[in-house]
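A short reminder: the numbers here are calculations on the coordinates, not readings from a lab. In this text the structure is predicted, and so the values were computed from the model without any measurement. A quick note on method: Cβ atoms are made from the backbone with ideal geometry, for glycine too, and the neighbour counts reach across all protein chains shown.
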Amino acid sequence: MPALPGEERSRDVALGYALLRVIVGLNVLSHGVSRILAGPSTYAANLVVQFQSTPLANGLVSAFGMSLPWIEAVLGLLLLLGIKMRWTVLAAGALLAALTYGACLVQDWQAAGLQLIYAMVYALLLILRQWNTFSVDGIFIKRTAPESTPAL
């Protein structure tokens with residue numbers, strides 16, 4: 001099979017990045033929205049029970065559980081739309097670090113292992129951020145980029 005021309009190959013890489021970003025965004029957004037619809041207080045109460053045997057204070061666990069659905073919803077929407085990707089991915093990574101710490105505290109090794117997959121995806125989204133052209137950021141950058149500077 002002959003190699004694709006450079007422009008077509010670049011478009012495919014950008015489309016691949018968009019596909020990964022949109023799917024991860026939908027995943028994280030769905031986590032948040034489903035927990036909001038079920039009631040953040042219900043989620044927080046279940047989390048307090050789950051963390052009963054850990055050194056974390058119940059109030060801290062409850063506060064985290066009440067805020068997590070909203071944080072996930074916002075981060076998921078930002079990922080889905082491709083807005084401020086550097087800061088969005090870094091914030092999502094920080095949240096993931098907290099979730100991984102919690103999973104390890106309760107010795108939920110399956111969840112901790114799955115979180116490694118998210119960590120790899122977030123790393124890819126950050127490393128390949130230059131291909132974030134099919135997004136809100138990509139549209140904004142194209143409109144504001146000086147003529148002499150090539151747009152992403």
**Report entry** Tabulated pairs, the range 2-14, first in contact (Cβ under 8 Å) with a residue 40 or more places away in the chain and under 17 Å from Gly82 (Cα atoms), second among the charged types (D, E, K, R) and assigned to a helix (DSSP H, G or I), C-beta under 6 angstrom, 6+ apart or interchain
**Finding:** none
Query raised in the report: In the range 71-105, which residue that is buried (at least 17 other Cβ atoms within 10 Å of the Cβ) and hydroxyl-bearing (Ser, Thr, Tyr) is nearest to Met120 (Cα to Cα)?
Result: Thr100
Query raised in the report: Are any residues in the range 71-86 touching a residue at least 60 places away in the same chain (Cβ under 8 Å) and either more than 30 Å from Asn132 (Cα to Cα) or in contact with a Gly (Cβ under 9 Å, 6 or more places away or on another chain) (or both), and if so, which ones?
Result: Gly82
Report task. Identify all residues within the range 47-78 that are more than 22 Å from the chain's Cα centre (by Cα) and among the aliphatic types (A, V, I, L, M); write none if there are none. Result -> Val48, Val49, Leu56, Ala57, Leu60
Report summary line: Taking the range 28-41 and the residues there that are crowded, with 16+ Cβ neighbours inside 10 Å and of a type outside the set (A, V, I, L, M), the one that is farthest from Phe134 (Cα to Cα) would be Pro40
Report task. Out of Leu29, Leu37, Leu68, report the one residue that is out of contact with any Gly (no Cβ under 7 Å at 6 or more places or on another chain), part of a helix (DSSP H, G or I) and under 29 Å from Leu124 (Cβ atoms). Result -> Leu68
Report summary line: Among residues of the range 1-25 being surrounded by 15 or more Cβ atoms within 10 Å (Cβ to Cβ) and not hydroxyl-bearing (Ser, Thr, Tyr), the residue farthest from Met66 (Cα to Cα) is Arg11
Query - Residue count, the range 20-50 (criterion: without any contact (Cβ under 8 Å) to a residue 24 or more places away in the chain and among the basic types (Lys, Arg)) - result: 0
Query raised in the report: In the set Ala111, Ala44, Ala119, which member is surrounded by 14 or more Cβ atoms within 10 Å (Cβ to Cβ) and within 10 Å of the chain's Cα centre (by Cα)?
Result: Ala119
Query raised in the report: Do the conditions hold for Gly102, that is, is it in a helix (DSSP H, G or I), touching a residue at least 12 places away in the same chain (Cβ under 8 Å) and out of contact with any Lys or Arg (no Cβ under 8 Å at 6 or more places or on another chain)?
Result: yes
